[in-house]
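First comes the structure, then the notes that go with it.
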Amino acid sequence: MSTASIEVEVPSSFPAETVFKVFNHFHDIAPKVNPQVFKSIEILEGDGGVGTIRLFTFGDGVPFTSGKFKQDVIDASNFTYNYTFFEGDNLMGILDSINHLVKIVPSADGGCVFKQTVIYNCKGEEKPSAEILNFEKELYEKTYHAIETYAAAHPEAF
């Protein structure tokens with residue numbers, strides 16, 4: 001089994017605590033700010049915490065229709081959350097799973113850096129193309145910026 005990965009790093013002027021809170025509401029915000037990518041995100045099992053299984057229904061802006069993921073970690077004290085896609089056409093027929101490892105790192109200036117590592121766990125030696133990996137990296141960066149813009153416009157919510 002082989003792997004491929006991408007790294008996303010986005011600096012923010014918001015404190016790490018705020019970014020962590022906002023991204024814990026990803027399932028509510030992403031379909032509002034980026035509906036061409038995230039048509040809907042719904043809970044299938046669980047209460048939103050660790051172990052929760054969600055279904056992503058993707059919009060017309062991506063070449064996939066759906067994917068299921070399980071929330072693996074939510075650690076508010078270390079500003080980390082991890083989740084794993086384990087089913088859906090977003091696995092492209094060549095992946096066993098996709099791990100998302102998110103860490104929000106406080107900055108000395110009071111802001112933070114949003115860091116996301118995405119690991120594609122391949123069934124065999126075939127890996128996602130460089131084109132797919134670049135597309136997804138850009139997608140995550142654009143989505144981050146859209147969510148941050150939403151949070152700035154709705155500070156009362158966070």
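The values are calculated or read from the model by the stated rules, or taken from the named source; none is laboratory data. The model shown is predicted, which means the values in this text are computed figures rather than measured ones. Counting neighbours? That spans all protein chains shown, and the Cβs are built from the backbone with ideal geometry, glycine included. Protein only, heavy atoms only, side chains kept; ligands, DNA and RNA dropped before computing areas. Shrake-Rupley method; radii C 1.70, N 1.55, O 1.52, S 1.80 Å.
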Report task. Could you tell me the convex hull volume per residue, in Å³, taken over the Cα atoms of the stretch 47-158? Result -> 139
Query - Along each principal axis, Cα extent of the stretch 1-76, largest first, Å - result: 36, 34, 27
Query raised in the report: Per the helix-only calculation at 222 nm, which mean residue ellipticity applies to the chain, given -39500 (n - 2.57) for every DSSP H run of n ≥ 4 and division by its residues, nearest 500 deg cm²/dmol?
Result: -8000 deg cm²/dmol
Report summary line: Whole-Å distance linking the alpha carbon centroid of the stretch 1-55 with that of the stretch 88-158 is 8
**Report entry** Built amide H within the under 5 Å cut-off of Lys39, gap 5+
**Finding:** Thr57, Phe58, Gly59
Query raised in the report: What's the longest bit of the chain with no exposed GluC sites (Glu not before Pro), using DSSP loop states and at most 13 other Cβ atoms within 10 Å as the test?
Result: 1-124
Requested in this report: Pop out the carbon and sulfur fraction of the accessible area of the chain as a percent, whole number, probe 1.4 Å.
Outcome: 52
Report summary line: The equivalent-ellipsoid semi-axes of the stretch 59-110, taken as the square roots of five times the Cα gyration tensor eigenvalues and listed largest first in whole Å, are 28, 14, 9
Requested in this report: Place a +1 charge on the Cβ of each Lys and Arg in the stretch 76-158 and a -1 charge on the Cβ of each Asp and Glu, then give the dipole magnitude about the Cα centre in debye, rounded to the nearest 20.
Outcome: 240
Report task. Pop a pseudo-label 7 angstrom from the Cα along the beta-carbon direction at both Leu133 and Thr117 and give the gap in nm to one decimal. Result -> 1.5
**Report entry** Per residue value of the accessible surface for the stretch 26-127 (all protein chains in place, 1.4 Å probe), Å²
**Finding:** 47
Query raised in the report: Cβ under 10 Å from Phe56's Cβ, Phe56 left aside: what net charge do those residues give with Lys, Arg +1 and Asp, Glu -1?
Result: +2
Query raised in the report: Rounded if a/c is under 1.5, else prolate if a/b beats b/c, else oblate: with a ≥ b ≥ c from the C-alpha gyration tensor eigenvalues square-rooted, which is the stretch 79-138?
Result: prolate
Requested in this report: Would you be so kind as to identify which of Ser97, Phe135, Ser107 lies farthest towards the positive end of the dipole of the stretch 88-158, taking Lys and Arg as +1 and Asp and Glu as -1 on Cβ and the Cα centre as origin?
Outcome: Ser107
Report task. Pop out the ³J(HN,Hα) list for the stretch 97-110 in order, Karplus 6.51 cos²θ - 1.76 cosθ + 1.60 with θ = phi - 60°, rounded to Hz; leave Gly and Pro as x. Result -> 6, 10, 9, 10, 10, 10, 9, 9, 9, x, 9, 4, 7, x
Query raised in the report: Quick one: how many Å² of Ser13 are accessible to a 1.4 Å probe, rounded to 10?
Result: 100
Report summary line: Ignoring ligands and nucleic acids, Asp109 exposes an accessible area, probe 1.4 Å, in Å² to the nearest 10, of 130
Report task. Specify the angular offset, from 0 to 90 degrees and rounded to the nearest 10, of the alpha carbon long axis of helix 130-153 from the longest principal axis of the alpha carbons in the chain. Result -> 30
Query raised in the report: Given +1 on the Cβ of Lys and Arg, -1 on the Cβ of Asp and Glu, and no further charges, what dipole in debye does the chain carry about its Cα centre, rounded to the nearest 20?
Result: 60
Report summary line: For Glu87, other-chain or 5+-apart residues with amide H closer than 5 Å (H placed, Pro excluded) are Lys68
**Report entry** Under Karplus coefficients 6.51, -1.76 and 1.60, residue-wise ³J(HN,Hα) of the stretch 26-37 in Hz, glycine/proline x
**Finding:** 3, 4, 8, 7, 3, x, 6, 9, 8, x, 5, 9
Query raised in the report: In square angstrom, rounded to the nearest 10, how much accessible surface does His154 have for a 1.4 Å probe?
Result: 60
**Report entry** FRET E, pair Ala153, Thr80, Förster distance 25 Å, beta-carbon r, rounded to 0.05
**Finding:** 0.45
